[in-house]
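This report refers to the structure that appears directly beneath it.
Please treat every number below as a calculation from the coordinates, not as lab data. Everything numeric in this text was worked out from a predicted model, so none of it was measured. A quick note on method: Cβ atoms are made from the backbone with ideal geometry, for glycine too, and the neighbour counts reach across all protein chains shown.
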Amino acid sequence: MTHRHDRTLKVGELARVEGEGALYVRVRGGDVAEVRLDIYEPPRFFEAFLRGRAHTEPPDITARICGICPVAYQTSACLAIEEACGATVDGPLRDLRRLLYCGEWIESHALHVYLLHAPDFLGYHGAVELARDHRDIVERGLRLKKAGNTLMEVLGGRAIHPVNVRVGGFYRVPARAELAPLAEMLRRALDDALDTVRWAAGFEFPDFVHDHEYLALSADRYPIEGGDLRSGAGRAFPAAAFEDHITEEQVPHSTALHARFTDGGTYLTGPLARYSLNRHLLSPLALEAAAGAGLGAECRNPFRSVLVRAVEIVYAVDEALRLIAGYEPPDRPAVPVEPRAGTGHGVSEAPRGVLYHRYDLDADGLITAARIVPPTSQNQTAIEDDLRRFVAARLHLDDAELTRRCEQAIRNYDPCISCSTHFLDLTVERT
Amino acid sequence: MAPTLAVWKFASCDGCQLTLLDCEDELLALAGRVEIAHFLEASGAVGEGPYDVSLVEGSITTPADLDRIRHVRAVSRTLITIGACATAGGVQALRNFADVREFASVVYARPEYIATLAESTPIAAHVPVDFELHGCPIDRRQLLEVLSAHLTGRRPDVPAHSVCFECKSRGNVCVMVAHGTPCLGPVTHAGCGAICPAYGRGCYGCFGPSPAWDGARPNTRALLPWLDMTEDETRRVLSTFNVAAFREAAVPEGPGDDAPA
């Protein structure tokens, strides 16, 4: 039934998201009274049980927060501990870290574009259903995903929870000859990535823009494995000042905390923010693909994030090829990171956005306090805000169609609910 | 009619069910052999149960999940648990040895909003399980082996020996003997393919205790001085993704016990 003044929509188990969440929308008197992205993923208390662990342990332990972006956790953890201990990882070791992270971007973005998000645009329940009509397309997506995973397997030992990352660098670094077959595979992946951008550019994008402030890392390269924070409104601060600028609050319906700027502003992190703030740092090939797909200087339509992810796959493949071509094995696999009392902060660009870690260490290097702020909890306020406006403009739709559109809108943000703790379950209530 | 497959998630990182999507070369072939009837991460279409095979990821940590796992068991002909969370409680079982209310107060300003159990427990603690596949994460080849075995009605070929066997067959140099690097390989269930020693680090126990723990248990305490590890370091290395399983395997049996403290 449509045009009712009071109604409630509920999606009890959101599909094609990473983790467990639900959506609840209540419409009263023709107005959207309440929109909640309920995150009921059970809490796992990482920040509590990290206390008393050795400074060498967070890369292995925090990887287990998320099976889709373990390298993001490992990297932010390493950066924070290295800062606390006064160590710096740069040069070829930093490049290797970036190369491993490119693998994760390719794997994670290909998963989201092909298996989670594209079925919404094409009217399928999922990629398996899509493959019945368009097997070649799904096979292309799986080839891309495999390229990312293979890069992670060679550098990290395995794709999910890589074993080769340690504070200070790696346990073992590859010989040049080990990377040569990867380059061959990535050259084929580059064609698949460019085809992906052209394919996604043909999707129909609902007319919707948001006005949140963008927050992304800023570095001398397109930001991936580190950098300082910068916003679209001119805020600029290092990882060490993250907690001065950003505050997290708890809401009753969620096991994920909601982040805001300390002055109350909401913001958005992730591919749209990265692209809009760092477009000039894309490689010529990625820029050309973006322009060809109709992406301008900035992108404020969350539905078009699928395009931005596709462009970032092109970039990550291109960048991985560049890093492999210039690779000279470092003279040692890791720099020493000697424990000392102190506090360190680390930020990196997980596929879904900024991931912050902070550790306080005692003189023996044991952790006395830990804080982890994943991208999805930073985006949750903005997601709910966008959904409220999105629903308000579409109240003429019947419950089934409105629910379907809402689910698609949530997937725009590629929420990683496992990360934020925290299955999507949509409830639309029209009372 | 094709057998139906369902995938369920409890407290976990998503990594073990992602392993199914990571079978890039086999996924579409598998989707031709079985009907993927319930796999929320991959599809919004939910087929009605009962299901022939259910893969269960994650541990039980909330009152609601106690009920949900009984429902999953009731609608599943064969129930296979995948990964350290489902088979041993996962890294979140570190709460079992601490005060969960104190944990919640560290992470949340309003811990009273959080519904959680004092312990993180494996699926088999609540319902009968037909097969347990270990690993943090599980190994892709082993997952395919277990699925194809169940589809053809044979026993899965998943050896229960220690990582040391895999190290030898891979031709790795023993990191403990050659470099004095502490390694959990002798006491850890095989399955990963001995990745860590191949990358020059010691095994850190992702696949949980091997049956070696119950039988000819290596005397880790006697090895400690040689490995230059303190008791605290030994306790920490055994207290990660399979903490509850390693501690249970190390229940004191008499003198010479090498239980992690």
Alpha-carbon centroid distance for the pair region A:144-203 / region B:58-81, whole angstrom
36
Just how far, in whole angstrom, is region B:95-164 from region A:315-384 if you go by their alpha carbon centroids?
27
Amide H within-cut-off set for A:ALA350, under 5 Å, with H built and near neighbours excluded:
A:LEU355
Region B:15-86: GluC sites (Glu not before Pro) in DSSP coil with no more than 12 other Cβ atoms inside 10 Å
B:GLU48
Apply the Karplus curve 6.51 cos²θ - 1.76 cosθ + 1.60, θ = phi - 60°, to the phi angles in region A:99-106 and return the couplings in whole Hz, x for Gly and Pro.
5, 4, 5, 4, x, 5, 4, 4
Would you mind calculating the gained length between A:ARG388 and A:THR56 on full extension (0.36 nm times residue separation, minus the Cα-Cα distance), in nm to one decimal?
115.2 nm
Between A:LEU122 and A:THR88, what's the calculated FRET efficiency when r is the beta-carbon distance and R0 is 51 Å? Round to 0.05.
0.65
What size of dipole, in debye to the nearest 20, comes out for the protein assembly as shown about its Cα centre when the only charges are +1 on Lys and Arg C-beta atoms and -1 on Asp and Glu C-beta atoms?
500
Of B:VAL243, B:VAL163, B:THR116, whose Cα points farthest to the positive end of the dipole of chain B (charges on the beta-carbon: +1 Lys, Arg; -1 Asp, Glu; origin at the Cα centre)?
B:VAL163
Compare the Cα positions of A:TRP105, A:PRO43, A:CYS85 along the charge dipole of region A:1-126 (+1 at Cβ of Lys, Arg; -1 at Cβ of Asp, Glu; about the Cα centre) and return the one farthest towards the positive end.
A:PRO43
Any aspartates and glutamates whose Cα falls less than 14 Å from that of B:LYS168, other than same-chain ones fewer than 8 residues away, would be none
Test item: Cα-centred dipole of region A:46-378, Lys/Arg +1 and Asp/Glu -1 on Cβ, debye
480
Within 10 Å of each Cβ of A:119-125, how many other protein chain Cβ atoms are there on average?
2
Give a residue-ordered list of calculated ³J(HN,Hα) values for region A:370-375 (Karplus: 6.51 cos²θ - 1.76 cosθ + 1.60, θ = phi - 60°; whole Hz; x for Gly, Pro).
9, 9, 10, 10, x, x
What FRET efficiency, computed as 1/(1 + (r/R0)^6) with R0 = 45 Å and r the Cβ-Cβ distance, is obtained for A:VAL335 and B:GLU102, rounded to the nearest 0.05?
0.80
Please label the shape of the protein assembly as shown as rounded, prolate or oblate, based on the square roots a ≥ b ≥ c of the eigenvalues of the alpha-carbon gyration tensor (a/c under 1.5 means rounded; beyond that, a/b larger than b/c means prolate, else oblate).
rounded
Just need log10 I(q)/I(0) for region B:35-129 at q = 0.11, 0.13, 0.17, 0.25 Å⁻¹, Debye formula, equal scatterers on the alpha-carbon atoms, no solvent, rounded to two decimals.
-0.38, -0.52, -0.80, -1.25
Across the residues of B:87-97, average count of Cβ atoms on other protein chains within 10 Å?
3
Let's test the formula: R0 of 51 Å, r as the Cβ-Cβ distance of A:ASP31 and B:LEU144. What FRET efficiency results, to the nearest 0.05?
0.50
State the answer as a single residue: which of A:PHE208, A:GLY148, A:TYR124 lies farthest towards the positive end of the charge dipole of chain A, with beta carbon charges of +1 for Lys and Arg and -1 for Asp and Glu, about the Cα centre.
A:TYR124
Need one number: % antiparallel among DSSP beta bridges in chain A, to the nearest 5.
80
Could you size up the charge dipole of chain B around its Cα centre, putting +1 on the beta carbon of Lys and Arg and -1 on that of Asp and Glu, and report it in debye to the nearest 20?
200
